[in-house]
1. Taking amide hydrogens as modeled 1.01 Å from N in the peptide plane, which residues meet the under 5 Å criterion relative to A:Lys428, leaving out close sequence neighbours?
2. Keeping all protein chains in place and using 1.4 angstrom, which order do B:Leu891, B:Leu456 fall into by accessible surface area, from largest down?
3. Set the Förster radius R0 to 60 Å, insert the Cβ-Cβ distance between B:Arg796 and B:Asp532 as r into 1/(1 + (r/R0)^6), and round the FRET efficiency to 0.05.
4. Express in nm, to one decimal, how much length is gained between B:Ser485 and B:Thr805 on full extension, taking 0.36 nm for each residue of separation and deducting their alpha carbon distance.
5. Debye sum, Cα scatterers, the stretch B:164-271, no solvent: what log₁₀ I/I(0) at q = 0.17, 0.19 1/Å?
6. Determine the principal axes of the Cα atoms in the stretch A:391-443, then give the extent along each, sorted from largest to smallest and rounded to whole angstroms.
7. Could you list, in their original order, any pairs among B:Lys355/B:Lys376; A:Lys70/B:Lys344; A:Lys102/B:Lys53; A:Lys95/A:Lys327; A:Lys59/A:Lys84; B:Lys432/B:Lys507 whose Cα atoms are separated by more than 22 Å?
8. Nearest 100 Å², what total accessible surface is buried between chain A and chain B (probe 1.4 Å)?
Amino acid sequence: MIGGLFIYNHKGEVLISRVYRDDIGRNAVDAFRVNVIHARQQVRSPVTNIARTSFFHVKRSNIWLAAVTKQNVNAAMVFEFLYKMCDVMTAYFGKISEENIKNNFVLIYELLDEILDFGYPQNSETGALKTFITQQGIKGQSQTKEEQSQITSQVTGQIGWRREGIKYRRNELFLDVLESVNLLMSPQGQVLSAHVSGRVVMKSYLSGMPECKFGMNDKIVIDKQGKGGTTEDTGKSDLGGGSSGKQSIAIDDCTFHQCVRLSKFDSERSISFIPPDGEYELMRYRTTKDIILPFRVIPLVREVGRTKLEVKVVIKSNFKPSLLAQKIEVRIPTPLNTSGVQVICMKGKAKYKASENAIVWKIKRMAGMKESQISAEIELLPTNDKKKWARPPISMNFEVPFAPSGLKVRYLKVFESKLNYSDHDVIKWVRYIGRSGIYETRC
Amino acid sequence: MQEWANQLCENRQFGSKMTDSKYFTTTKKGEIFELKAELNSDKKEKKKEAVKKVIASMTVGKDVSALFPDVVNCMQTDNLELKKLVYLYLMNYAKSQPDMAIMAVNTFVKDCEDLNPLIRALAVRTMGCIRVDKITEYLCEPLRKCLKDEDPYVRKTAAVCVAKLHDINAQLVEDQGFLDTLKDLISDSNPMVVANAVAALSEIAESHPNSNLLDLNPQTINKLLTALNECTEWGQIFILDCLANYSPRDDRESQSICERVTPRLSHANSAVVLSAVKVLMKFMEMLPKDLDYYGTLLKKLAPPLVTLLSAEPELQYVALRNINLIVQRRPEILKHEMKVFFVKYNDPIYVKLEKLDIMIRLASQANIAQVLAELKEYATEVDVDFVRKAVRAIGRCAIKVEQSAERCVSTLLDLIQTKVNYVVQEAIVVIKDIFRKYPNKYESVIATLCEHLESLDEPEARAAMIWIVGEYAERIDNADELLESFLEGFHDESTQVQLQLLTAIVKLFLKKPTETQELVQQVLSLATQDSDNPDLRDRGYIYWRLLSTDPVAAKEVVLAEKPLISEETDLIEPTLLEELICHIGTLASVYHKPPSAFVEGSRGVQHKRLTSSAGSGESVESPDTGSAAVSEAPPTVIPSQGDLLGDLLNLDLTPPTSTGPPPTTAPGMQLGAMDLLGGGLDSLIGDESEPPPIPLRTDTPQSPQPPHQSPSPPHYSPTELGGDIGGSPAMGTGFGAPPAAMPASFNAPISGGLDDLFDLGGGGGLTMGTYIPPKSVWLPAMKAKGLEISGTFVRRSGVIQMEMTLNNKAMSVMSDFAIQFNRNSFGLAPAGPLQILTPISPNQSIEAALPLSTVGPVMKMEPLNNLQVAVKNNIDVFYFSCQYPISMLFLEDGKMERQVFLATWKDIPNENESQFQIKDCHLNSDAASNKLQGSNIFTIAKRTVEGQDMLYQSMKLTNGIWVLAELRVQAGNPNYTISLKCRAPEVSQCVFQNYETVLKN
């Protein structure tokens, strides 16, 4: 298991050092500094073995976090723990910086004592930790016996991520479906590869211990229901807002926050859980089939003689006319020997950026089912370089108010039997945001 | 940079509000005194501030142990924050101040009874971290209570505490029955308690490989699977990792466990996913392939593995290293997922390199076009390592997918045209391999390759190019010129290139004998006379002799048809792969090495193996189950790219025809050459009085003529050569000349070197007894309340003994002696109890001999031969440490076979060699050899070069480590030079010290 945990600043000075195992000595602190932080060459692996001691590190801005061990530990777990450690620290004191770490070193030691015992990660959910590790020190004496046992049962319990007794005057929840759409298209408009990676982020402000059930237009579920003839779906719970009329989507794979009952998902494909309080990521998913590509890029590059290129690029928006795409940016690469560029565009602003070897065309907003065009003349310096210009792909950035995968939230039901509010009293908000990931068209 | 600056400003503003960072800044003198005063202050706030300062100093590495009593005094407080800080301090310094640490015991014991479960847990958690024996004794009772505490938080903490205690004193844990309590906790109602108990038991079981501690049976498995659904993400990892060690009784049980584990594949925590994959990969072995479920499971594995690639880069790296293993074991899982391994522009380099590896593994006819297009892109990136790997990958594609070979070759040629130096060199290295896979197909490109000859500056590329020139000498008009150009700087080339050049020129000679005679003579003489590299010399002699005695055979040997190279390269050896599959998710799977390669001590030494459906229900740990494991169609293992060249050379030496049986026992290729010499040339050089049966020697004996001056007969023609070479008298004389200079050199390096090396003439003689160091005082009476122990170590006929004199200098009688060793580098442990039957009265001394075994627990010590000993008597326990001569551990059977020695010496990388000087030693080499033999350091061979005696020696340690030594003794010079080579270079220093003591006494 983890033998020790060190935090360094960018100079390699130790800010926090906590040793859990006897086989890790003080010299390990220096070994990492000398061999990794001060290494002459940039380190080429996040796992380093120095004199039979293994160091795992992650960097957050200019802070190094290193876990040390001499055993055959679960490497994936160590990294997951380091990320978790970062999350916990961020939840307690904001950005991970040298100043913040120094200011909170007592708190960090206290946290490290709690979430790592003899190198074994323990409950590290901030929701639970905040009930008994506070910056004021443990309330200790003021707690009643009930309160204490409530804390311990939460820390060790099945619902370690939520404490009991949360109360809100207004029960409210926000769902964000955040997708990034990736595309590689041939000059002829053929899709070479496309996938969407999406996340469902939930912000919940609900009283008590609410039991939630989340439904989306997952093909497997819809098909099953279609056969069974039972539709759980009621008119009210349809929170959909996407642009597509698609009935259901095929999800390649998804992962869930630990609050979701995985065995239930595996057997019934239903997503049920008791959510943590506040913001968290409910699920991640990936789809590759029937993706709505919000934009199509049609390039036309013509070489006029040896010193001139004519480029024409048309972009077409491919979604409901009532919706607006934002922050559109098209990046057209230019050859290295470009001497001058003249651009004409109907919409937005375009500029040749010599330092980036590209024409950058920006459009603030664009409605669906529209098209726009840019044409450019590129003057080239004559070179005797035989090497042909490799023609990097044209890339695009944008943001659209729907989910390119076609995912729709069908319902999110909330049941809290002990408190007197029902599913209808909860105010629910759903938002869809589709962003470009790597969205490229070859030319 | 700008961003950093902004951030710093931001932090400053932040910092002005909070002020804890000030504790890091005090560095003035007299600080300790000030802190002392503050710690003893009456004001609580001031105390707390002071403790914070102490902790801050401790963090940055300052020694604040002097404040121990003052800090401990702050412990009795109701302020929990302060208490935790004091505990933190205690954990750090208790070991250095064991007596003072006792002061804290009372508070701990009291806290363990506190009403607040958080405090109870805190106390038991901290106590377990204080590694002082006295404290541990007091820990037992509170721990026992806490293990049965009503609060699960306390129980889960106590469970881990058992593992802590076991690490300090394993015997105590067993004696106190904590292991049984821990086992009971597996049935606890709280999932987190179960998870921690599993973690603790797994760890304890690891250090007792044969114990049945983790008694996994269907009932406990069921409990674990239930807890799996309920516990924290970390708990799930502990449980899954534990499950992976279980061997289901039959395929049905296997399936039902798999069914209950598969939901974990959707967990957001990648470690949970990987551990679940491990369980599934392992248990899948048990399932019959025709089962529907088997197919379902295979399909279920792909998506989560792909999803892992969207995690943070560090985790992606871990995932990719594991996928690399999974793809080798079960290529079908990810065969359709090639695209996800395409490299992204902003991937960190370590992710890029790993993705590239997997792309090659997944390359097939179906996707090769796409893969090639990608690889071509990569070859134009900036990072040199990545580009090199991409170029190499193109070559591997060509070898793997025949249909793509042509396209790959043309891509490589395009890349060569870029003239980027390292790209060209990599391309040439892989083209060489392509030639070997598809002979007589792409040789048209040789001309292009030759254009780049000058730009090659890396040995591997140079060697590859030379191989190509030699192999296709008949098609390259100016092959002789090309090779000659390399020959100019022969001595500056690396061995790899030299060897290759030698072979290439011999090939050239056999193909075009007329024009290249001079060249071949030149290279043979360079190799045999001017080089001090034994490999090169040996190969030179072999060629020489082959060419001179039987040119037909030479042709058969040197120009033999080479077997085609295999498709897959870089595959992990199947048994290792199986073991690594059992370690999915762990460091072993990241390093692609078994845990024993990087974990010290007994942990991880046990090798895990996959159990197949044919396997019985036996425990996986037992090594013999593994033998039942079946791997259908085991992939052919061929050495990695780097070794291919060596392979080529080896092949050149091993004739497929009847020129004599190739050495079958040779462990490596270098040895192949040695063996030929040892066997074939023995008669030749073994006895100098007999004229060696080299025909040319009788022709022109002792000819001082340099070889190239000998005229070649005018009627010598290539047709004749092609025909009956052996019988042609022309050949005889034509060839007879070159080695004419040989005899002169023959006597010097060969008989002086090889002969002596292989035949130990004067090695024997008297064997001297073992050197026993005199007894020294280990434990002075002052430190041990009157008990003085002095002692030494002896090895007598294979038994190690610790001989001690115990001297009672106190006023009272001493009795009830017992001894214990701390874990040490070689697992030394008392083989029996310390036999002191009678009490020792005051001023009496007694001799005791304690036989030692080397099977105790292992931990690396500094220095390596350090031994920490605890001796107990009726008065107290005393600790001392002593150093044993490492020769105690040299086995009697430490004499290595000569040939094994040679091979091993070469096999051990040069960075493992260390050289020492032994000064002022006046023994001659034979006496030294005798003396050393007494300590089980065996001389295997001796040779004399220029008045310097070289002794080649070997010794074997009890843990199986071999140490090889070369001892150089020069007559009249009292300084010896010793070079030690060992796979575990840490021991060298110790061995050297031992040499010194043995030789000087």
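1. Distant-sequence amide H within range of A:Lys428: A:Leu173.
2. Output order, biggest surface exposure first: B:Leu891, B:Leu456.
3. That gives a FRET efficiency of 0.90.
4. Numbers: separation 320, 0.36 × 320 = 115.20 nm, distance 7.27 nm.
The B:Ser485-B:Thr805 span can extend by a further 107.9 nm.
5. Debye output, listed in q order: -0.81, -0.98.
6. 64, 13, 13
7. A:Lys70/B:Lys344; A:Lys95/A:Lys327
8. Working: alone 23640 and 45250 Å², together 60360 Å².
For chain A against chain B, roughly 8500 Å² becomes buried.
The values are calculated or read from the model by the stated rules, or taken from the named source; none is laboratory data. This is a predicted model, so every value here is computed, not measured. FYI the Cβ positions are ideal-geometry reconstructions off the backbone, even for glycines, and counts take in every protein chain you see. Please note that ligands, DNA and RNA were not included when accessible areas were found on the heavy atoms of the full protein model with its side chains. Shrake-Rupley method; radii C 1.70, N 1.55, O 1.52, S 1.80 Å.
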